[in-house]
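Since the structure comes first, as structure tokens, the remarks are kept for the end.
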Ligand SMILES: Cc1cc2nc3c(=O)[nH]c(=O)nc-3n(C[C@H](O)[C@H](O)[C@H](O)COP(=O)(O)OP(=O)(O)OC[C@H]3O[C@@H](n4cnc5c(N)ncnc54)[C@H](O)[C@@H]3O)c2cc1C
């Protein structure tokens, strides 16, 4: 693996950073305060091709690799954690499953507009009683002639309030051993009987749209089933492996923002007659923060590179997600510590990073679940 970014990856980094610093970062505190989803920013990101980075040009994408996509997530997350989460979910959860498992017709109908940034998609797996245990899904889809009739409830679904469609996981039958068969079905958000409520009052990532979904006798054509209807469980495990790379990249971006603020502040703040950056206690914190962020970033790149090579990447995606989110939380916490009392004030913007990054230890598989995945990969 080459640790130097390619020319294309470097160009994407510079382009997204410039956009994020100009259009996103100056508004991040306001969006956090008002819990406002920046829909206009998503339109602009679509025009710049940022929403289609990892998809081939034939499907409206930019033909970039997973490392380029991870770089884009990091740069957007560095500017605003909530916007970063919605971006990562739009690409990894809304669009990618259709790219991985969809038929040609589904790709043309649903993926192309998403890759071009004309529409957004969402992925509805979690339910009030099925979180880490996603196999415990209770939403049901029953085949009735040429249509599935879907009934159930989903919670905390990112971007659903702005999505054209949500990929819903639902039980569609039982296998030979009596276990539930889970399928993934593309459900248009304007389908009759589909209610989407976006009333959650979140601790962080407040610029991200998060919704509760209720499906009451929602009918969709049976062609909307994604890929092999008996493989829905395997499909979402693969989708989440990819999504974990993006959550890790987002954690790196948020941690980087907190670190940069802490370094700047440490050089400016004077106590006992000198800059606090001259105290070894502060220097050691900053050294650890810089080192751990760099290590987490390298773990993200490695997992992304393995994915691009078509090699197994489940373990490395979990390594990256677990390490980057836990490291990122420590970094954001230390960034507040370095700011002292000012860090506790909203005005300095570091407390937002801590609130935002906490979600990285929960979403797309909690830290406990990452350790289970890794242990399983180790053959335990
Ligand atoms: C802002 C936000 C956005 C989200 N976006 C989406 C989305 O777009 N789509 C979607 O489908 N979901 C989404 N989620 C849901 C998210 O993926 C779940 O919250 C997460 O998977 C954990 O599920 P849970 O919250 O039900 O926790 P639970 O599974 O109830 O876990 C509670 C605690 O028990 C621990 N635990 C559970 N099982 C085990 C075990 N076997 N061993 C050890 N510990 C265990 C967990 O680690 C955790 O600490 C989102 C959540 C949030 C908060």
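General remarks:
- Put simply, when 146-159, 99-112 are sorted by average Cβ atoms within 10 angstrom per residue, most first, you get 146-159, 99-112.
- In plain terms, the residue of 263, 240, 250 with the fewest other Cβ atoms within 10 Å comes first and the most crowded comes last, giving 263, 240, 250.
- Among 6, 239, sorting on how many other beta-carbon atoms sit within 10 Å of each Cβ, with the fewest leading, yields 6, 239.
- As a rough guide to protection, the peptides 213-224, 82-93, 318-329, 274-285 ranked by mean Cβ packing within 10 Å, highest first, stand as 82-93, 318-329, 213-224, 274-285.
- Cα gyration tensor shape of the chain, rounded if a/c is under 1.5, else prolate or oblate by comparing a/b with b/c: prolate
- Among 355, 297, sorting on how many other beta-carbon atoms sit within 10 Å of each Cβ, with the fewest leading, yields 355, 297.
- Length-normalised contact order for the chain - Cα pairs under 8 Å, 6+ apart - percent: 17 percent
- In this rough spin-label picture, where each label sits 7 Å from Cα along the Cβ direction, the residue 138-residue 175 distance is 2.4 nm.
- Relative contact order of segment 123-230, pairs being alpha-carbon contacts under 8 Å that are 6 or more residues apart, as %: 31 percent
Values quoted throughout were computed directly from the atomic coordinates according to the rules given, and no laboratory measurement underlies them. Everything numeric in this text was worked out from a predicted model, so none of it was measured. All Cβ positions, glycine included, derive from the backbone under ideal geometry; neighbour counts span all protein chains shown.
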